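Data block below; observations after.
We did not get these values from a lab; they are worked out from the coordinates using the rules stated. All figures in this text were calculated on a predicted structure; none of them were measured in a lab. Don't worry about glycine lacking a Cβ; one is built from the backbone with ideal geometry, like all the others, and counts go over all protein chains shown.
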Amino acid sequence: MILELSNIYKDYSAGDVDVPVLKDVSLSVKEGEYLSIMGPSGSGKSTLMNIIGLLDRPTSGTYLFDGIDVSSQNDNKLSLIRNKGIGFVFQNFNLMPRETALANVELPLLYAGVKRRARRELAAAALERVGLSERMTFFPTQLSGGQKQRVAIARAIVNSPKILLADEPTGALDSRSGDQVMDLFKSLNKEGVTIVMITHERAVAECADKIVVIYDGELMSQEEFSRKTSQRHGGDISEG
Amino acid sequence: MIENLRLSFRGILSHKMRSALTMLGIIIGIMAIIIIVSLINGASEQLKSSFIGSSTTIELTPYAAQSNYDFFSPEYSAAESGPLEGVGEIPDEALKMVKDIPGVSDAAKAYMMNYSAQVSYLGQSSSTTAYGVDTEYFKMADYRVISGRLINENDLKQHNNVIVFDNQFSNIIFRNTDPLGKTVQLGSELFTVVGIVAKPLDESKINNMEDYEMQMGYTSPVFVPMTSWNDLQGYDDIQILTLKISDPDLMIAATNEAADILDSLIDSSVITYKSSMLQDMADSLQETVQMTSLLLGGIASISLLVGGIGIMNIMLVSVTERTREIGLKKALGARRRVILGQFLTESVVLSGLGGIIGVLLGIGIAKLIAAFVMMPAPISVSSIVVSVSFSMGIGIIFGIVPSVKAAKLDPIDALRYE
């Protein structure tokens with residue numbers, strides 16, 4: 001198992017009241033898996049993403065990342081695990097606007113202490129992998145949305161992480177660019193990259209091998225979710 | 001580290017106007033310090049060279065020791081009131097000993113009447129310093145002939161009533177007319193003008209004639225033959241010794257040694273030989289200069305403090321502006337000290353750059369002022385090193401708060417920040 005979350009709770013304190021955001025979430029991801037986590041906004045999916053991405057700590061519960069209990073690690077250790085173990089893909093790309101595509105992709109390698117020349121080579125290879133070897137010296141402003149997201153994906157895979165963690169990766173893209181990104185994810189997964197993708201779009205979620213749904217802070221299968229929502233509102237989560 | 005420098009320079013260049021304004025406080029502070037230090041150094045160098053210049057002559061005059069001596073009322077000196085009781089003529093052996101003192105290149109006996117000699121021409125009279133001299137005196141005191149001739153052996157032998165004018169004084173008395181051959185009255189006697197002399201002025205060290213006179217005790221004098229002096233003043237003991245100093249650094253020691261030699265010949269509990277108090281004046285001026293420089297330096301430091309606060313302010317703005325960037329970097333695995341290092345480097349580069357610009361501007365302005373008022377403005381390497389490192393230190397001190405703030409940002413909050 002690469003990820004093993006058991007009985008994760010997360011509360012946010014709003015004044016005197018603790019608002020529960022995640023309730024008893026348990027989730028396992030195997031190596032090579034491609035998992036989608038679906039959920040409407042406010043369901044707690046961003047919080048779950050932050051916890052999986054080691055950007056936030058659960059209030060209680062255990063989280064083993066690649067066998068390591070991360071709840072006992074300090075900030076610097078978590079930075080190290082994030083750097084080597086997790087590749088982030090964000091909805092709004094989060095590229096450094098004044099750096100070239102190549103320099104953006106080099107960034108995680110810089111923090112990993114990789115030497116300049118090796119950085120160049122690895123970053124160039126990652127950009128080639130996402131089909132942007134001709135755009136290496138371009139700045140983000142000179143790239144289309146789809147190209148920017150592919151640069152971000154190159155940055156996410158450049159360190160050969162344990163998992164690729166994508167938060168609404170197609171959210172800011174037109175459908176054609178979105179499809180390209182999804183195709184890229186698919187082929188990366190075929191090459192053995194483990195992917196966890198968070199989205200509220202059913203069509204996007206269905207690209208994955210497995211879909212789980214988060215609703216009101218609880219994680220459930222699609223069947224469970226259909227049962228619950230048909231009882232309560234009968235709405236479609238993709239509208240959320 | 002190189003990466004941090006690269007990021008810093010790009011950060012600074014991408015906000016040129018803001019960076020320039022931020023650096024302004026440091027630039028002004030460092031500039032002021034460089035200007036002050038170099039002008040103060042220049043002024044004291046000038047003081048030193050004009051008080052104790054390479055061609056300085058110093059007069060050793062006997063003073064009545066018990067008198068409450070005061071530079072501005074030297075009524076007890078032999079130069080003012082004629083020879084003092086109990087002081088004989090300076091013997092030749094003593095003169096020879098004085099000449100052998102290290103730092104003394106020459107010495108000569110001379111009569112001197114300080115400031116009080118009245119020279120009249122066509123009913124107009126002016127006071128000046130009059131010297132009774134031998135033929136050697138002019139060479140020793142670095143006088144050059146401008147027109148006519150110097151006092152010669154013949155004048156001395158025949159007690160001729162001839163007089164040599166300093167160029168400056170000649171201009172005061174004779175205006176545009178040719179002074180040679182004119183007859184003037186000095187004291188009760190009439191003298192014929194035979195020559196005009198001048199000291200070569202080192203223009204770069206002297207601002208104006210008044211400064212020169214003040215600093216050198218040089219009051220555009222007149223010269224008559226030593227032998228005629230006796231007729232004029234009615235005495236023949238030469239009690240005043242003029243020293244020519246070759247090494248400025250040895251001036252005080254040499255003068256003191258010469259005074260000791262002369263004092264050993266007389267009852268020094270009553271009368272002592274003193275130099276014309278140049279050193280005291282130089283010292284007190286030096287002290288004033290140092291006080292001034294401390295005061296001005298203090299004011300300039302306030303500017304550095306303000307500059308430092310400016311840097312802190314703009315760095316805090318920069319941290320807030322780049323919250324997302326910081327969050328992303330943390331998410332990608334940048335540790336706290338990477339973020340800390342980045343912002344601290346930027347702050348130090350900002351202040352260091354300000355320091356360097358300040359040093360360059362300071363040197364430029366100091367040289368400009370120096371050229372304008374004709375004085376030296378030496379730039380010491382140590383003042384450059386100290387001010388640049390001091391400004392970088394300010395960068396570190398005032399960069400710590402913003403950098404720590406950046407390093408402590410929570411990546412989720414930072415990523416969410418719009």
- Message: For a quick check: with amide H placed at 1.01 Å from N, whose amide H comes under 5 Å from residue A:210's, ignoring anything fewer than 5 positions away on the same chain?
- Response: A:34, A:36
- Query: Which of the lysines could a cross-linker span from residue B:96 if the Cα-Cα distance has to be under 18 Å and same-chain partners fewer than 8 positions apart are dropped?
  - Reply: B:109, B:139, B:244
- Note on the structure: Residue-ordered couplings for the stretch A:154-159, obtained by feeding phi - 60° into the Karplus form 6.51 cos²θ - 1.76 cosθ + 1.60 and rounding to whole Hz (Gly and Pro as x), are 4, 4, 6, 9, 5, 8
- Message: Can you order the peptides B:391-399, B:35-43, B:368-376, A:74-82 by their average number of other Cβ atoms within 10 Å per residue, highest first?
- Response: B:391-399, B:35-43, A:74-82, B:368-376
- Task: State the Cα centre-to-centre distance between the stretch A:96-111 and the stretch B:282-325 in whole Å.
- Result: 37
- Task: Using the Karplus curve 6.51 cos²θ - 1.76 cosθ + 1.60 with θ = phi - 60°, work out ³J(HN,Hα) for each residue of the stretch B:350-365 in order, rounded to whole Hz, and write x for Gly and Pro.
- Result: 4, 6, x, 5, x, x, 5, 4, x, 4, 4, 4, x, 4, x, 5
- In terms of modelled amide H atoms, which long-range or inter-chain residues lie less than 5 Å from the amide H of residue B:149? B:195, B:196
- When the C-alpha atoms of the stretch A:56-205 are aligned to their principal axes, what extent does each axis show, in angstrom, from largest down? 44, 42, 28
- Task: Go through the stretch B:377-386 residue by residue and turn each phi into a ³J(HN,Hα) via Karplus (6.51, -1.76, 1.60, θ = phi - 60°); whole Hz please, and just put x for glycine and proline.
- Result: 9, x, 9, 8, 4, 5, 5, 5, 4, 4
- Message: Which of rounded, prolate or oblate describes the stretch A:28-83 when judged by the alpha-carbon gyration tensor and an a/c cut-off of 1.5?
- Response: oblate
- Calculate the dipole size of the protein assembly as shown relative to its Cα centre from +1 charges on Lys and Arg beta carbons and -1 charges on Asp and Glu beta carbons; express the result in debye to the nearest 20. 4520
- Query: Considering amide H positions built from the backbone, and no H for Pro or chain starts, which residues 5 or more places from residue A:198, or on another chain, come under 5 Å of its amide H?
  - Reply: A:37, A:166, A:167, A:168
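Going by average Cβ neighbours within 10 Å, how do the peptides A:89-99, B:183-193, B:163-173 rank, with the highest at the top?
Answer by packing, highest mean first, reads B:163-173, A:89-99, B:183-193.
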- With a 10 Å radius around each residue's Cβ, average the other Cβ atoms per peptide and rank A:41-54, A:174-187, highest first. A:41-54, A:174-187
- Item | Residue-averaged 222 nm ellipticity for the protein assembly as shown, from DSSP H runs of 4+ at -39500 (n - 2.57), nearest 500 | -16000 deg cm²/dmol
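What's the average, rounded to a whole number, of partner chain beta-carbon atoms within 10 Å of each residue's beta-carbon in B:321-331? Don't skip to the answer; put the middle values down first.
Working: counts 0, 1, 0, 3, 4, 0, 2, 9, 7, 7, 13.
The per-residue average across the peptide is 4.
Per residue of A:75-87, what is the mean number of Cβ atoms on other protein chains within 10 angstrom of that residue's Cβ?
Taking the mean over all residues of the peptide, I get 4.
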